[in-house]
Amino acid sequence: MRRRFGFMLPLVVFAAVTTTILGAQQTPSPSQKPAWLDAYRDPASRLIGEAVSSTFAWDRLAVLTDSIGNRLSGTPALDRAIAWAVTEMNKDGLENVHTEKVMVPKWVRGNESAEIVEPARHAMVMLGLGDSVGTTGDGIQAEVLVVHTFEELDAKAAAAKGRIVLFNVPYTNYGETVRFRSGGPSRAARHGAVGMLIRAVGHSGLRTPHTGALQYAGDVKKIPAAAISSEDADRLQRMADRGSKVIVRLKMDAHFDADAESANVVGEIRGRERPDEVVVVSGHLDSWDVGAGATDDGGGCVVTWEALRIMKKLNLRPRRTVRVVLWTNEENGGRGGLAYRDQHRAELARHVMMLESDGGVFRPLGFGFTGNETGRETVKAIATLLTGIAADQISPGGGGADIGPSMAEARVPGMSLEVDGAKYFLIHHTPADTIDKIDPAEMAKCAAAVAVMAYVVADLPQRLGE
Ligand SMILES: [Zn+2]
């Protein structure tokens, strides 16, 4: 199924579109017009033209999200996605397609519920937090203590004992708010709380709960923890503010099974001159067990993979190897990234750049970059080839959860695809993470941006940063 772009556009129109896209290039400043860049204008326009002339990437993602669906570590669905990716990469003609074994934790959600039982019975919309322990018997039932900061909790330590603590923290930004999801359960347990609830970490939506991993501290009892929708959190808040005694029952069958075998999926375009030097582009194939893992992170997998497919299709083989990696277990452990670092330690010194796309595939803006000043100037120059699709911004702080360990190990320059993230934390880790939230045209531009950046970095006469 191909749609929206009218991809049956007659070639002339296609050509016209492409020239407008490329014609609209602002004149880059002298430092951004190094002579070596001219050699890349033609391959860049071919890569962009190919990427934006079809909905192939979106259609491929639809197969993953519609047919396989969400893919939590250790589930048969993730195993199917791994096998599917290997088959499809081979169909694309990628080289050295293989899987690399990774043992992953297998957290199982099971049945779960949360309800207000006093002052009256009301079911709440909830999702247990990833890696949480479960409840026993008929669940836990206790009075709720509403707090908004760790300091407020510590100040109300006595009141927390034997209660279910609700962190009703309005979403500001992910880094700030997620601290309560990850560290809240053990902070509450330290004061003798029997359970923890958290206002869903994300923009308020339509009574949508956001799951995500917690991190228990090793020196305190593990208590069950769940996210509730912002609407339910506000309801509990108003009841508490009115002085009502609010009793909640939390039931969770969550538990860990034994670690399971999984894998990172790898495919390549071998370099024509320095095949042992590598540019990695990547996304994580696992997802949470809600929604379809389309934005997080099926889209990142497909657009980075698409970069290689169109290089192959256009017969563009750069000097160095371009390698796509689809990581396993990013959401609750990061074992895929750690395993890659350990299994490739001997060749990390020859990794010239690693890129991860894990921020959605909405309208691309450009890239984050971590590396030295020479490297930054080089990627800024390369980004001017993307001005026509408005993806030419280079911002500080490129990287990703899965490439992080390898970047740190061998000081590999790191990049991340940056997009218009306005919708990202509305659907992040929710049942609403489905493909309809993704625009095929924007996704195609993401693939174009990654293809151009990866191709040029892999083909540069001099190594990035030198
Ligand atoms: Zn992700």
For segment 429-446, what does the Karplus curve 6.51 cos²θ - 1.76 cosθ + 1.60, with θ = phi - 60°, yield as ³J(HN,Hα) per residue in whole Hz, taken in order and with x for Gly and Pro? 6, 10, x, 8, 7, 10, 5, 5, 7, 10, 8, x, 5, 5, 5, 4, 5, 4
Heavy atoms of LEU214 accessible to a 1.4 Å probe, total area in Å² rounded to 10: 10 Å²
Tally Lys and Arg at +1 and Asp and Glu at -1 over the other residues with C-beta under 10 Å from the C-beta of GLU409: what net charge comes out? +2
On C-alpha positions alone, give me the angle between the axis of helix 299-313 and the longest principal axis of the chain, in degrees, nearest 10. 10 degrees
How would you classify segment 110-253 from its alpha-carbon gyration tensor, with a ≥ b ≥ c the square roots of the eigenvalues: rounded for a/c under 1.5, else prolate if a/b is greater than b/c, otherwise oblate? rounded
From DSSP H assignment alone, runs of 4+ in the chain each adding -39500 (n - 2.57), the sum over residues rounded to the nearest 500 puts [θ] at 222 nm at -10000 deg cm²/dmol
Kindly rank 353-360, 220-227, 201-208 from highest to lowest mean number of other beta carbons found within 10 Å of each residue. 353-360, 220-227, 201-208
Run down the lysines and flag those whose C-alpha is under 27 Å from the C-alpha of LYS245, throwing out any fewer than 8 positions away in its chain. LYS156, LYS161, LYS221, LYS222
Report the local net charge at ALA44: Lys and Arg +1, Asp and Glu -1, summed over other residues whose C-beta lies under 12 Å from its C-beta. -3
Counting Lys +1, Arg +1, Asp -1, Glu -1, what net charge surrounds SER282 among other residues with beta carbon under 9 Å of its beta carbon? -2
I'd like the orientation of helix 373-383 relative to the chain: the angle between its Cα long axis and the longest Cα principal axis, in ° from 0 to 90, rounded to 10. 80 degrees
Note down the nm distance, to one decimal, between modelled labels 7 Å out along Cα→Cβ at ARG319 and at ASP38. 1.8 nm
Where does the chain land on Rg/Rh, using Cα atoms and the Kirkwood Rh? 1.02
From Cα pairs below 8 angstrom and at least 6 apart in sequence, can you work out the relative contact order of segment 110-253, rounded to a whole percent? 39 percent
Where does helix 41-52 land angle-wise versus the long Cα axis of the chain, in degrees 0 to 90, nearest 10? 50 degrees
Give the long-range amide H neighbours of SER262: residues separated by 5 or more places, or on another chain, with amide H under 5 Å away, using H modelled in the peptide plane at 1.01 Å from N. VAL102, MET103, VAL104
Which listed pairs, of LYS91/LYS380; LYS313/LYS380; LYS101/LYS380, have C-alpha distances above 29 Å, in listed order: LYS91/LYS380; LYS101/LYS380
Just to verify a number: FRET efficiency for ASP420 and ASP59, C-beta to C-beta distance, R0 = 22 Å, to 0.05? 0.50
Nonlocal amide H pairs with LEU355, under 5 Å, H built at 1.01 Å: VAL280, VAL281, SER282, MET415
Take every DSSP beta bridge with both residues inside segment 110-253 and express the antiparallel ones as a percent of the total, to the nearest 5. 55 percent
Expected vector for segment 286-291, Karplus 3J(HN,Hα) from phi with 6.51, -1.76, 1.60 and θ = phi - 60°, integer Hz, x for Gly and Pro, equals 6, 8, 6, 8, 10, x
When ligands, DNA and RNA are left out and all protein chains stay put, how many square angstrom of accessible area per residue does the chain have with a 1.4 Å probe? 38 Å²
Would you please classify the overall shape of segment 377-466 from the alpha carbon gyration tensor, given that a ≥ b ≥ c denote the square roots of the eigenvalues, rounded means a/c under 1.5, and beyond that prolate means a/b larger than b/c while oblate covers the rest? oblate
Given a Förster distance of 22 Å, report the FRET efficiency between LYS156 and LYS221 from their Cβ-Cβ distance, rounded to the nearest 0.05. 0.75
Please list the non-local residues whose amide H lies under 5 Å from the amide H of VAL169, H modeled 1.01 Å from N, same-chain partners needing a gap of 5 or more. ARG199
Of the heavy-atom accessible surface of segment 110-253 (probe 1.4 angstrom), what whole percent is carbon and sulfur? 50 percent
Potential extension, LYS101-GLU377 segment - 0.36 nm per residue separation minus Cα distance: 95.7 nm
Using θ = phi - 60° and the Karplus curve 6.51 cos²θ - 1.76 cosθ + 1.60, what whole-Hz ³J(HN,Hα) does each residue of segment 86-100 get, with Gly and Pro shown as x? 4, 4, 5, 5, 5, 4, 6, x, 5, 9, 6, 6, 7, 10, 10
Give a quick list of GluC sites (Glu not before Pro) in segment 180-285 that DSSP marks as loop, anything other than H, G, I, E or B, with at most 15 other Cβ atoms within 10 Å. GLU273
Restricting to bridges with both residues inside the chain, how much of the DSSP beta-bridge set is antiparallel, in percent to the nearest 5? 55 percent
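The values are calculated or read from the model by the stated rules, or taken from the named source; none is laboratory data. Being a predicted model, the structure only gives us computed values, none of them experimental. Every residue, glycine among them, receives a Cβ derived from its backbone with ideal geometry; neighbour counts consider all protein chains shown. All accessible areas refer to the heavy atoms of the entire protein, side chains included, with ligands and DNA or RNA removed. Shrake-Rupley method; radii C 1.70, N 1.55, O 1.52, S 1.80 Å.
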